[in-house]
Structure formats: C-alpha cells, structure tokens
Amino acid sequence: MRDSIFKDCQMDSPRQSKKAGLNREPKRSQSQSGTPPQKDAYARLLSQHRSSKFSLYLEQYAKDFSFQREGNGPSTLLKAQSERLNIPQRKRDQVPHDFSDSSDFSPSSLKSKGEDSSLSLYMEKLSSRNAQQDCERKQGVSDRQRRGQRRDTTTSHDGDIESGEELSSLTPNDSNKHQRQQKKNKDSNRDVASKETSSFVGCPQSPKKASTSGQEQEKMKRSKKKNVPKHPEEEKSREEAGVDTQMSWPNSLHGKDKKLQQPRGLTTSSLADKNKNKGGRGARKQVFESYMTSEEVSHSLKRGELIQGQLRINPKKYHEAFIPSPDDTRDIYLDGIVARNRALNGDIVVVQVLPQEQWKVVRSDTDCEGASESETQREHMTQTVQKKTEHTPRPDVIVEDQCSDQDELYSKFQNTTLTDTGGLLEDTSTPRSNAGILQKTAKVVYIVEKKHSRAATGFLKLLPDKPFAMFSPVDHRVPRINVPLADCPEDFSSRPGDYTNTLFICRITNWAADSNFAEGRLAKTLGQAGEIEPETEGILTEYDVDFSEFTDQVLDCLPKNLPWIIPPEEMRKRRDLRKECIFTIDPATARDLDDALSCKQLPDGNFEVGVHIADVSYFVEEDNALDAIASQRATSVYLVQKVIPMLPRLLCEELCSLNPLTDRLTFSVIWKITPEGKILSEWFGRSVICSCVKLSYDHAQSMIEAPEKMFSAEELPPVDPVHPIDEIHQSVLNLHSIAKNLRAQRFSGGSLRLDQLKLSFTLDKETMMPQGCYVYQYRDSNKLVEEFMLLANIATAHHIYRKFPELALLRRHPPPKAKMVDELQELCDQLGIDIDLTSAGALNKSLNATIGDDEYSSARKEVLTHMCSRPMQMALYFCTGVLKEEQLFKHYALNVPLYTHFTSPIRRYADIIVHRLLASSLKCGPHLGLSTEEVQKQASHCNDKKTVSKRVQELSSELFFGVFVKESGPLDSEAMVMGVLDQSFDVLVLRYGVQKRIYCKSVAGLDSFHHHKLGKKSELTLVWTPEDSEKPPVEQVISVFALVEVQLKADSAPMKYSAVLKRPDDIGS
C-alpha cells in the first residue's frame, strides 16, 4: 500500500529504542551503508566496555569535542553514539544538547578542526559513520510521496476516471517541527525492526526513571522551542546580524553539488560548505546555485544529461520534492529548498541527477508508509494556532453533482487530519535493514516555466529596525517574503498586534540567489483569517483562478439585441427538434444546463435516443476576446457557495443554458438503439431544441422509483403542455432501462468505477453559512445521465479522430504503474483482502465482491477504494498528432480505446475545441484554426486548470466543513479504521465521509497502547484506564476495517478540527 497509513510501523520511539538496545545491536549493522564498520582498536574497545562509566566518558568527551566547533551542538552525534553504546536514556538526557542540524557533522568538518588524538580520530570515524547512516535512513521515500499525495477516485456525470494530485496541508510551525522530527527520528529510527515488530508504549520500567526522563524531555522540548526557528528562512535573520548560518534542512543532497562529492548520505549543509562560503562576519553567502543558460540546458537535454519535469513539493513535508522519472520508474527526489533552487510547486524545471553515492535508499513503497510516529506525535502535540489555507482532508463537496467530473480521480484520502503534518507520505527516516532500493536524487538547474502563481496568502510580522516586514505564507512550500513597509497598512509599524489575525495576499517579485528570503509586494488585505469570504478570495488568488469581472472587450463579443432569438438563417441550417420530448436532468440548484436527453419509442420496438449539448461554439467564435478569456480560464471553478464561470453569465445561465420552454441551439448525437442497449445507427449534427421541463435528479429518481405513479403538475417544475407528464415519465423510465443495460455491458466489458463519499452542504440563503451537511447519494438518476454522457463522449471521440487523426483533442487515462500495483497486491494479500488488480475490470469485479452485504459494506468499499486508487495515474487531454502509438490513447478506467469530452462546453474549454472539430467534420462549421502543436498546448493548459479547479473546490469544501464543525460541533459519528501506524491510526468518519488521523498519545483516558506488525498487517491494542479502579483495564484492538466511535471538535486554529476517539463500552470490549 502506498500511503502513510501503514507507515512507520517499523519505527521505534526513543523509549522503545532504549528497551531494544542490546538484542537489536546485530541488526543495526545491517542497516548501515555499504561500507562495513572498521574493526579498529577503539571499535574493539567499545565492544568490550559497555559500562556506564565508559559510556559517560565518551559522552563527556563528545560534549567537549563538539563545543569546540562553531556553535554546532553535539545532540545528534551524542545520541548516535550513546544509542550504539546503550547508554540509558536518563543519562543521555543529562548531557547538554544543542539542536543544530545533523548535517553539520561530516568528516570534512571534523578534520578541519585539526583534532589529532587517537580518541578524536575514533570519534571522527564514529560520527562520520553515524551521520552517514542517519542521513541514509532518513532518506527513504517511496513512490507515494513522489506521486504527490493520494489520489482518490470519483466520477461525475460525464463519466471517466481521472487522478488528480492532491495537495494536503502543512500545519503551522512546520519547520521547527521538521527539525524536531529529524532530532527525534535519530532515536526512533535507530533500531531496525524485523518482519514481526512489537513495541509497547506507555508503561515505563520504573516510575523514577520515567519521571526523570520525562522532565528532561520537557526541558529539551522547551529548549528546542527557543532555539529552532519557526521557519527555515529565519536563519537569514541571524545571517543579517553577522552570523553566517546554513539552511536548517537535514538530509540535504543539494546545494553545492558541483563542488562537493561527499560520501554517501552526507548533506551539503556541512562545515566545509560553511567555511567555503564565509567572506567575513556578516558577508552574504550564496544560498542557491546560479541557473544554467538556456543554451546549456537545451544541449544537455538533447544529450540526455539533464531531465525536465513538473516539480511537486510535498505539502506535509515541504523540504521534499519530486519530479517524474523519464523512464516511468520511481520519481526523482529533490531534498530541501536549496535543491529546488527557488522553483515553486508546479513549476516546469530542469534537473541534474546527482552522483549515485548521493541517491536515496528507500524501502518497499508499500511498506510502513506515512510519517514517523515519533515525528507526527511531536508535531501534533506542538501545533500552534497559526492559520493554514491548505488544510488536510476534510470533505469533498459536491455543490452540484455536475461540478465534479466523473472522470476524475482526486485525493482527499491523503489528508487524514487537519492537525497532522506528518501526513500520509512516506517517512524519509527509513532504516536500511529492509531491502534497500535506490532512488535518484537531483537538483534544479533551470526553471522552464513558472506555473506557480507566485502569490500566497499569509500573515505579516514586524521586524524591528528593518525597512521591511516579514510575510509568512500559510503554505509553507512558499518561502517567507520581505515586504516593504510602504506596502503595509499605515499603522502597521505602530500597532502590529492589530494585524495578527489579518490575512494578506503577497506576490513574489524576486528571489535572489544569496537570500533565503524572497522579495515581494503586498497585493491586498483580505480580512480576518477563518472567515469564509477572505479565505475564499485567498484560495482563488493563490491558485491563480481568474475571478475578475469580464472586460468590456469580452462582453462586446456577446449578442447585443436582447432578448436574443435564433436568427432565421441559422434555424434553416439546423435539424429542428423543438417538437420532440426533450428535457434536462441536473442538480436542483444548477443554472448552467449543458445537456438534455430525449427518448422516443419507434414502431419496431427500438428507441431513438438523443443527447443534446449546448452549442457554445456558435457564440464563442475562434480567436476573439471571448475565446481568449475562455481558453485562458479553461474551466469553471465550483466553490461551495458560488461558481467562478468560464464564460460570462449571459452565456452560462441564459443564451447557452438549455433552460426549459426556450428555443436553444444544440449539438446533437442521436442513436437508434435496441432496448438491450445495442446501437443500430448514429447521427451527429447541429440542431435546435426546446426543453419541455427542467427535472432535478430528485424528480427523475422519484419517477424511476414509482413507475406506475401518475405525477401531478404540482409535484414537478413547469412542464410544456404539448408533452404530458406521463410522456416525460415514460421517457425517463425507458432511458433508465436502456442505461442499466448499457452500464451492465460496460462493466462486463472491463470498465472500472471507484466511487468516493462526497459531502454536500445546505447553506443559509442570506448569510451563505453552512447550516447542515450530508453525504451525497449517487443514485439511479445520476447513473442514467452518466451512461448517456459517456456514450456521447465515446461516439464523439471516434468521430473526430476518424476525421482529424492529427488534430483530435482526446482524453486518455494511462494504466496504473505496474510496480505500484504489484506492491499493492502484496499488501492486500497480507491483509487478507481478495483483490484482483490485473485489469480495470478485474479490479471492479473484485471490489464489489469483497465488501460483503451489510450496513457497513459501503464503508468497507470506501476504504478499499482509497487503497486501490493510489496507483492510478491522471487522465489527461492530449492531441492525437502528438502521440504516435494508438495504444497510448486508451482510457484505462473506462476500458475504451478512444474517449473525449463533448458534453460540458459551458464549463470546459476542451469541449469547445471538440465541438469545433465536430462542426468542421460535418461541414457545418469552419476548419479549426489550430495546429497540432497548438491543440496540444491548449490540452496541457486545460490539464493544469482542471487540476487547479479540483484543488480549489476541495479547499472550499474544507473551509466550509471546518466552519460547520465550529458552528455545529461537536459532532458524533461512527468511524471505520482505514490504516494503522505505530502510534496513530486513520479513520473514515462514516456520517460525513471525511478522514482523520487519531494520535494514541492524545487520547484522553488511555493508559497505554501496544503496536504489533506481522508482515504488512499492522494493529494497535489500546489499553483504557478503567473508570472503576476495581475493574481491570479495557482493551480495544485497532485494525483495518475496525469500527470506532469518534467526536469531531473544533480546534483553536481557524477552520481546523480534530477527531477525538471515544471510550468503548466496557461490555462490548
């Protein structure tokens, strides 16, 4: 399994390490790097003297030794040595610790000090080896991270499945958390677990020992809070004060890579680097390498020396980034912001692969994924109330069903908790005992295209005696930004406290190579953090969604004479279908009605079925201002409370929308079809319709469920008197019957559907605040529309590809990565889940067969769907002239050779291009004025905007659900366990369809917990303190598919909430 839910099962906490000690010593040697430890005199001495006196002597020596170096504390080195010497935790804690980066310990830095005693030489070797091992262990990252986050699967009423990389959130103070994580991981990851791992947490060996250790740890935590900057870029402030510092990014494999060829696992933030960069106290160092020239990049790309790809930054661990590997294997890893070289998330970059000795060692991609528990627990316990825009999962909102494409796989699963920064990506601190797999590492040498908007929402902080303020973005993947005080509110300098909770938008204008900070300008003051409108505007701005009013130049392209009527000459060119019984079926609140259906029974018993799509291309002429803005926006963006339209509302909601009882221009595909769903003939053409009624999904569902009922006019919206209600009812029943047959054929033919629970809101009409929420029900009426939209899209794809083999805009869905599928299969086998991943059809069949048939079957299917959607790739628009192999055109989930989008031109620009191609092929429209390359460029842009639209929709839903929990909570619900880590577990909250992570150490009333892992199967046993001291403790087993009771409660931070585990009934337990 690819997600963090099964992560870190093999990591031990410091207390666990302490107990493991001696008996695990032999296995630690296996986890070291390829070079075996040298058996010098001091190694033998160490192996023979394990007394506390000798250990303390080494400890004290290390302490003195480390203080001689430039402010670099001994924390990591001492812990590494003491762990190997089995020094008790209590004694280790007594050693003063400075929490500088472990990357400061390298052979070069030690030797530069000129230490020449025998013991110092031994300490050099030991520290060098430990630094190497620490780094290598921490560097294990699996494909899960590289692929961005989990991809969940869903389907809209158009049908196909697509995977979108989801961005999850960082919590506040991520950088100090990250440094604390690295520090703690050196303890927790030191021990290597065998295939069967048991760890016990919560019961110290002796009260005295426990209390001493606890007090020391608290002191350590406090000292960390004082010493560790809240954000890596804060190091810059020390630099400005005349102290030359390094970026606080452990595990760096980046930076001065051309100058440094360090031993495996060593980082670039070494003393060697520091000394090299120093030009005297206060001198500015070169933080980033200069970019290569475009000529150098072009030649090197042609020679295969460099690699181009889109940068993905892990939002939960923002020092980690990835680009796809050209050979379609494990993604290439970029460690730290120096390796990213000022590129931001989504940018198209060129990278140089680092030497093999600097590659990362990772374990099996599905083995023990997720953040280290010692990491995430500390993060969870130390979170602040600083606001984040990209929170974690929360729900997927279906504002309207049509808003979410059915061919989209998007991830909400990876975000299992708003307060969890460890996330569901693999931990980098991975022991090497498991079969080590090398992952290439790289650094950015050139930015081809800055796709990131360079805008961010965040907060301002006054810097005394500086001509600028510090802007701290909510998204920690964006650097901190120096903003001129002139941009700030007039009274900001005198009253900075008044703006503590005020959200601003800032745009980066420059990021110099010698600065950890970017430079920027404040664009706008949004308002108070946590309020819906300021937060919404911030989301839209950050993701570069154009929500401005349409310009006069654009509006001039619209028809002037209103009310508009179809010109008689246009009417003569079209097939007149106005007398046919044609109707729309949409969400009740929909206003942009793209599609209508008709179904007429023929004398021979067959049916004439029509799909009629708004003819948007008639109004949006190629190459005018309206076309330009539509192609730029590429899609409408659906928020919970409103829509950001692709086209002006006059078109979206009036002239193009297939409103009832109004003549409208359409593009139709009409089939002669048997009752069994066999297509006998097909017709495409431009047409005119007049919809006789606007049905909602609820209306259509009522008709399906009551086939004999005579519906009255009061039960339905206004109906064209020409068509009796009974005629409409019968058409719906006929369409439903045919759709069931089409659907059965599709799935028997190998199609796949991965549904996700979706959350809908009811809003107050005046305040637009959430009044309630519910899981959206996908019913037969939705399926009816979906089948005919799919049929129309498939038919159109074949038609335009046949006519324009070099120009057709199609949509492909690549198969899942074979390697990930194999690992997922192995995981499912060990969990006892009978899943067949050999094909889309086999997966669909086994998914439905595995879940059982009881009240929790849908919840089990949801959990399984999350697991199975992770290996899925994204569905993509493309131009057929670019891909030469037809096999690559295939849509994996639908299991069809050709597919496109034709049915939603009001909200998708890709559909407009398809309409133009269709019109040209039918000789009822001009030839498309685009080349193959231009179609491909527009296809790529549509892909980008589709991903952004999906993410913005999710953030909007997260915002509203956070507000709902705050206003209506606490909320009780059953939950199903989705995954188990060593100190936490993920649950699906059944009532609301959201996922959360629950940390064992945060559960009130828990006495202890015990983690057990056999193979890939992970379980936690929770031991509850008895409410009655006379009774024994209550045990609760947490494993995948187990049911628990939770309560959702608002946190102090805006829009954030936690899931609180409720105590099980003593009898039931």
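Counting only residues that are open to solvent by 10 Å² or more (accessible area, probe 1.4 Å) and touching an Asp or Glu at 6+ places or on another chain (Cβ under 7 Å), how many does the stretch 992-1030 have?
Counting residues in the stretch 992-1030 that are open to solvent by 10 Å² or more (accessible area, probe 1.4 Å) and touching an Asp or Glu at 6+ places or on another chain (Cβ under 7 Å) gives 6.
For residues in the stretch 837-880 being of a type in the set (Gly, Ala, Ser) and open to solvent by 10 Å² or more (accessible area, probe 1.4 Å), which is farthest from Asn793 (Cα to Cα)?
Gly852
Is it fair to say Glu714 is more than 27 Å from Asn848 (Cβ to Cβ) and either open to solvent by less than 50 Å² (accessible area, probe 1.4 Å) or in contact (Cβ under 8 Å) with a residue 12 or more places away in the chain (or both)?
No: the conditions fail for Glu714.
For a quick check of your reading of the model, give me the residue pairs whose first member lies in the stretch 561-577 and is within 21 Å of Leu922 (Cβ to Cβ), whose second is open to solvent by 40 Å² or more (accessible area, probe 1.4 Å), with beta-carbon atoms closer than 6 Å and at least 6 apart or on different chains.
Once the first residue is within 21 Å of Leu922 (Cβ to Cβ) and sits in the stretch 561-577, its partners that are open to solvent by 40 Å² or more (accessible area, probe 1.4 Å) give Ile566/Asp663.
Working carefully through the options Pro534, Pro559, find the one that is surrounded by 13 or more Cβ atoms within 10 Å (Cβ to Cβ), closer than 26 Å to Ser453 by Cα and of a type outside the set (S, T, N, Q).
After ruling out the rest, the residue left standing is Pro534.
Residue by residue through the stretch 802-820, note down the ones that are under 23 Å from Asp327 (Cα atoms), open to solvent by 20 Å² or more (accessible area, probe 1.4 Å) and among the hydrophobic types (A, V, I, L, M, F, W, C).
Ala818
Considering only residues that are surrounded by fewer than 18 Cβ atoms within 10 Å (Cβ to Cβ) and assigned to a helix (DSSP H, G or I), which ones fall in the stretch 699-711?
Hit for the stretch 699-711 is Glu705, nothing else.
So which strands (runs of 3 or more DSSP E) stay within the stretch 450-533 end to end and still have 1 or more residues that are farther than 30 Å from Gly336 by Cβ and not aromatic (Phe, Trp, Tyr)?
502-510, 518-528
Tell me which residues, restricted to the stretch 674-725, are touching a Pro at 6+ places or on another chain (Cβ under 9 Å) and β-branched (Val, Ile, Thr).
Those that are touching a Pro at 6+ places or on another chain (Cβ under 9 Å) and β-branched (Val, Ile, Thr): Val693, Val719.
For Arg743, state whether it is on the phi < 0 side of the Ramachandran plot, in a helix (DSSP H, G or I), in contact (Cβ under 8 Å) with a residue 12 or more places away in the chain and not aliphatic (A, V, I, L, M).
Here the answer is yes, as Arg743 does meet what is asked.
Find the residue count for the stretch 806-836, including only residues that are under 30 Å from Thr796 (Cα atoms) and of a type outside the set (Asp, Glu).
Summing the residues that are under 30 Å from Thr796 (Cα atoms) and of a type outside the set (Asp, Glu) in the stretch 806-836 gives 11.
Is it the case that Gly304 is of a type in the set (Gly, Ala, Ser) and either part of a loop (DSSP other than H, G, I, E, B) or at pLDDT below 90 (or both)?
Yes: the conditions hold for Gly304.
Being open to solvent by 30 Å² or more (accessible area, probe 1.4 Å) and either of a type in the set (Ser, Thr, Tyr) or part of a loop (DSSP other than H, G, I, E, B) (or both) is the filter; apply it to the stretch 1036-1053 and report the residue that is modelled with the lowest pLDDT.
Ser1052
Tell me, yes or no, whether the stretch 656-669 has at least one residue that is open to solvent by 10 Å² or more (accessible area, probe 1.4 Å), in contact with a His (Cβ under 6 Å, 6 or more places away or on another chain) and β-branched (Val, Ile, Thr).
The answer is no, given that none of the residues of the stretch 656-669 is open to solvent by 10 Å² or more (accessible area, probe 1.4 Å), in contact with a His (Cβ under 6 Å, 6 or more places away or on another chain) and β-branched (Val, Ile, Thr).
Step by step: first the residues of the stretch 526-557, then only those that are in contact with a Pro (Cβ under 7 Å, 6 or more places away or on another chain) and at pLDDT below 95, then the one that is nearest to Val640 (Cα to Cα). Which residue is that?
Residue satisfying both the conditions and the ranking: Gly530.
Just give me the residues in the stretch 496-527 being open to solvent by 50 Å² or more (accessible area, probe 1.4 Å) and either among the hydroxyl-bearing types (Ser, Thr, Tyr) or in contact with a helix residue (DSSP H, G or I) (Cβ under 6 Å, 6 or more places away or on another chain) (or both), in sequence order.
Thr500, Thr509, Arg521, Thr525
For the stretch 476-486, state whether one or more residues are within 27 Å of the chain's Cα centre (by Cα) and among the hydrophobic types (A, V, I, L, M, F, W, C).
yes
Can you tell me which residue in the stretch 680-698 is farthest from Ser748 (Cα to Cα), limited to those that are in contact with a helix residue (DSSP H, G or I) (Cβ under 8 Å, 6 or more places away or on another chain) and either open to solvent by 40 Å² or more (accessible area, probe 1.4 Å) or at pLDDT below 95 (or both)?
Ranking the qualifying residues of the stretch 680-698, first place goes to Asp698.
May I ask you to list pairs of residues, at least six apart or on different chains, whose Cβ atoms are under 8 Å apart, with the first in the stretch 528-540 being at negative phi and the second being in a helix (DSSP H, G or I) and among the aromatic types (Phe, Trp, Tyr)?
Partner pairs satisfying both residue conditions: Ile532/Phe960.
Quick check: anything in the stretch 309-332 in a helix (DSSP H, G or I) and either in contact (Cβ under 8 Å) with a residue 60 or more places away in the chain or open to solvent by 10 Å² or more (accessible area, probe 1.4 Å) (or both)?
So far as the stretch 309-332 goes, no, none of its residues is in a helix (DSSP H, G or I) and either in contact (Cβ under 8 Å) with a residue 60 or more places away in the chain or open to solvent by 10 Å² or more (accessible area, probe 1.4 Å) (or both).
Taking the condition of being assigned to a loop (DSSP other than H, G, I, E, B), more than 11 Å from Val948 (Cα to Cα), open to solvent by 60 Å² or more (accessible area, probe 1.4 Å) and touching a residue at least 12 places away in the same chain (Cβ under 8 Å), how many residues in the stretch 541-556 meet it?
3
Can you pull out the strands (runs of 3 or more DSSP E) entirely within the stretch 979-1035 that have at least 3 residues that are at pLDDT 90 or above and farther than 26 Å from Thr865 by Cβ?
Counting at least 3 such residues, we get 1006-1014, 1017-1024.
Looking at this structure, is Val609 buried (at least 20 other Cβ atoms within 10 Å of the Cβ), part of a strand (DSSP E or B), in contact (Cβ under 8 Å) with a residue 40 or more places away in the chain and of a type outside the set (Phe, Trp, Tyr)?
Answer is yes for this residue.
Out of the residues in the stretch 821-836 that are assigned to a loop (DSSP other than H, G, I, E, B) and modelled with pLDDT of 85 or more, state the one that is most open to solvent (accessible area, probe 1.4 Å).
Of everything passing the filter in the stretch 821-836, Asp834 is most open to solvent (accessible area, probe 1.4 Å).
The values are calculated or read from the model by the stated rules, or taken from the named source; none is laboratory data. All of these numbers come straight from a predicted model, not from anything done at the bench. Every residue, glycine among them, receives a Cβ derived from its backbone with ideal geometry; neighbour counts consider all protein chains shown. Protein only, heavy atoms only, side chains kept; ligands, DNA and RNA dropped before computing areas. Shrake-Rupley method; radii C 1.70, N 1.55, O 1.52, S 1.80 Å.
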